[in-house]
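The values are calculated or read from the model by the stated rules, or taken from the named source; none is laboratory data. Everything numeric in this text was worked out from a predicted model, so none of it was measured. All Cβ positions, even for glycine, are placed from backbone atoms using ideal geometry, and neighbour counts span all protein chains on display.
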Amino acid sequence: MALLKVSGLAKSFGGVKAVSDLSFAVAPNQIKAIIGPNGAGKTTVFNLLCGVFAADAGTVEFAGRNISSLAPYVRARLGVGRTFQNTLLFDEMSVEENVMAATEAGLRLNAFAYLFRWPAVARAERQRREIAAEALKLVGLQDKARDPAGNLPAGERRLLEIARALGTRPEIVLLDEPAAGLNNAETDRLKHAIRAIRDRSITVLLVEHDMGLVMEICDEIVVLDQGAKIAEGPPLLIQEDDRVIEAYLGRPADNA
Amino acid sequence: MRANRRRLVNWLGIVCGFGLLASLPLFLNDFLMTIAVVIGINVIIVFGLSLLMGYAGQISLGHAGLYGLGAYTSAVMSTKLHLDPWLTIVAGALLAGAAAYLIGLPALRLRGHYLAMATLGAGVIMQIMFVELSGITGGPAGISSIPNLKIGHLILDQTGAYFYVVLAAVAVSLWLSLNVVRSQKGRALRAMHGNELAAASIGVDTARAKLFIFTLSGVFAGLAGGLYAHYLTYISPDSFGTSLSILLVAMVVIGGSQSVVAAGLGAALLTVISEYFRTYQDWSLVFFGLSLVLVMIFAPRGLFVETAAVAKRLVARVVKRRGPVES
Ligand SMILES: Nc1ncnc2c1ncn2[C@@H]1O[C@H](COP(=O)(O)OP(=O)(O)OP(=O)(O)O)[C@@H](O)[C@H]1O
Ligand SMILES: [Mg+2]
């Protein structure tokens, strides 16, 4: 059974059809990519999956449950983690605290526990620290745990955002252009991290422009153009698909 | 280890600070002790407001109303129903918390100026109710002969003893505030303050987090109100107006909203100034307005937070020059 299933999803902004009649599914333990030219609607799809926008039509099913009308924080708690194309870190906090903050999704205590400092708070805090250490190790940021997040270079900010998403203990993570702005070494780290994430039975859905990366690590690819799906399949087939080649190469004006 | 040691130093500092405060009645005359009590009462409200402003990133221009609600609740219950003032103060705090919850439910959906206006309106409405519900509240004349707090046969009146009640209340509210700030709750709040979209993406229920802090700050304001009522043994609507709400916000901003302790120091500073300039009341508002503007321009994080940052840098420089001291 699919872990994430999207059916007939649509979203317009004013006159712009950002996403139209989109259906696809992500199987558990898969690494799947959504690709497409700039403005194709990829980020909008993520925002619909996470509940940042309400869809005009269609449903999102996660682990067999219709989550279409749930608020973003509820979806995060259910196991949908994400990163943002324009990295949104908490710059005032340390690297470690960024990830610990994310444990809010999976490790919640009631307000009185915090107010009166029940023993459960200290216990949970230790768990949060462990989760953070593990997530930071996975992306290779364990040595920077104490640094202010605001001091990280651009590439490591993207990696930290992934670690933060992992802090929610997700079943699926949605990564929006994780390789953007990364140098070669960092892209390598990212590649290892994504595989390691999958090895921990976390499903990965990513939006990415780095085709080398996509072709190398993905099991399946969905191609969007002007909000609609034009192809779906394994990397080798997608590379040879005429419509995909046309979308990317046939209309160079769109890629400017 | 390092974090533990720092925490130990912080707590030692707080304990020593309270020890010093506890010895104040030995040195200060009655007039100064009155100011000390008023400071304590304001500090309790300001702890809650600094959580609201500095951590949750919200604002309230209606806290004087919640403060008044606590005062009136406790005054009415103890004078008319003859209940024990210790109980009625707690009841006042809880009722003010409940009112804050009900106000926050719709108001916290608003942002920025709109939230400021909504809370301002709520504060004004509460003050009008203190005047208009004259059957219960005594109208413009207020309520007098409010019973004193007692421990057994010991009456805690305006002499030194009451100071310790307020000091204990300050300690408890500081403890609660720091428990919130220095925990996952505080982290979630800072996350929300940093970016609401990102906070939601990691499971923070932002609406609820705001409402929780607003409610807690209401409880603090109500508690302060009860303490005020049983200290003066007389209250009237004049004491709970919008100018006080604004003064409270000024205390938080001038002290430093992102630290409850700094905000508390701001409350102490402004209370002292406003008590000394009581005779020139209009001018003191002008003075506060001006200092608010100056602080926001030159020390946007607040006087005490900026001072602490400068001190930290100086210490770091000295330590560096001498070489590492530790390990
Ligand atoms: N919040 C919004 N308000 C109005 N229009 C929007 C909004 N978000 C996206 N759009 C529009 O929807 C379309 C799809 O945008 P989207 O950001 O999803 O594209 P994308 O595939 O992520 O592009 P890129 O590769 O540049 O990130 C674009 O035309 C964009 O201008
Ligand atoms: Mg995008």
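Could you please let me know if residue A:92 is under 29 Å from residue A:235 (Cα atoms), more than 16 Å from ligand 2 (Cβ to nearest atom) and surrounded by fewer than 18 Cβ atoms within 10 Å (Cβ to Cβ)? Criteria not met by residue A:92.
In segment A:102-118, of all residues being over 21 Å from residue B:216 (Cα atoms) and part of a helix (DSSP H, G or I), the one that is nearest to ligand 2 (Cβ to nearest atom) corresponds to A:102.
Could you tell me which residue of segment A:162-185 is farthest from the other protein chains (Cβ to nearest Cβ), considering only residues that are under 19 Å from residue A:74 (Cα atoms) and within 16 Å of ligand 1 (Cβ to nearest atom)? Per the stated criteria, the residue is A:175.
Note on segment B:100-121: among residues that are buried (at least 23 other Cβ atoms within 10 Å of the Cβ) and of a type in the set (Gly, Ala, Ser), the one that is farthest from residue B:218 (Cα to Cα) is B:107.
Here residue A:156 fulfils each of the conditions (1) more than 16 Å from ligand 2 (Cβ to nearest atom); (2) in a helix (DSSP H, G or I); (3) within 14 Å of chain B (Cβ to nearest Cβ); (4) of a type outside the set (S, T, N, Q) apart from (3). Residues that are within 14 Å of chain A (Cβ to nearest Cβ), over 26 Å from residue B:237 (Cβ atoms) and assigned to a helix (DSSP H, G or I) within segment B:137-182 comprise B:172, B:174, B:175, B:176, B:177, B:178, B:179, B:180, B:181, listed in sequence order. In the set (1) at pLDDT below 90; (2) in contact with a helix residue (DSSP H, G or I) (Cβ under 6 Å, 6 or more places away or on another chain), residue B:157 fails one condition alone, (2). Of all residue pairs spaced 6 or more apart or on separate chains, those with beta-carbon atoms under 6 Å, a first member in segment A:166-192 that is more than 17 Å from residue A:202 (Cβ to Cβ) and a second member that is among the β-branched types (Val, Ile, Thr) and within 16 Å of ligand 1 (Cβ to nearest atom) are A:177/A:207. Pairing residues of segment A:66-78 that are within 12 Å of residue B:204 (Cα to Cα) with residues that are among the acidic types (Asp, Glu) and part of a loop (DSSP other than H, G, I, E, B), at Cβ distances under 7 Å and at least 6 apart in sequence or on separate chains, gives A:73/B:205. Restricting the search to helices (runs of 4 or more DSSP H) fully inside segment B:183-268 and requiring at least 3 residues that are more than 14 Å from every other protein chain (Cβ to nearest Cβ) and touching a residue at least 40 places away in the same chain (Cβ under 8 Å) gives B:206-232, B:242-255.
All conditions but one from (1) away from ligand 2 (no atom under 16 Å from the Cβ); (2) surrounded by fewer than 24 Cβ atoms within 10 Å (Cβ to Cβ) apply to residue A:84; the one that does not is (1). Of the strands (runs of 3 or more DSSP E) lying entirely inside segment A:6-72, those carrying at least 2 residues that are within 16 Å of ligand 2 (Cβ to nearest atom) and either over 19 Å from residue A:83 (Cβ atoms) or not aromatic (Phe, Trp, Tyr) (or both) are A:16-26, A:31-35.
Mind listing whichever residues of segment A:141-156 are surrounded by fewer than 20 Cβ atoms within 10 Å (Cβ to Cβ) and either within 15 Å of residue A:98 (Cα to Cα) or modelled with pLDDT of 95 or more (or both)? Scanning segment A:141-156 gives A:142, A:143, A:144, A:145, A:146, A:147, A:148, A:150, A:151. Residue count for segment A:209-222 under the criterion of being buried (at least 23 other Cβ atoms within 10 Å of the Cβ) and within 13 Å of ligand 1 (Cβ to nearest atom): the result is 1.
Candidates in segment B:1-39 are the residues that are surrounded by 15 or more Cβ atoms within 10 Å (Cβ to Cβ) and among the β-branched types (Val, Ile, Thr); of these, the one that is farthest from residue B:159 (Cα to Cα) is B:14. Within segment A:95-111, the set of residues being more than 7 Å from chain B (Cβ to nearest Cβ) and surrounded by fewer than 23 Cβ atoms within 10 Å (Cβ to Cβ) comprises A:106, A:107, A:108, A:109, A:110.
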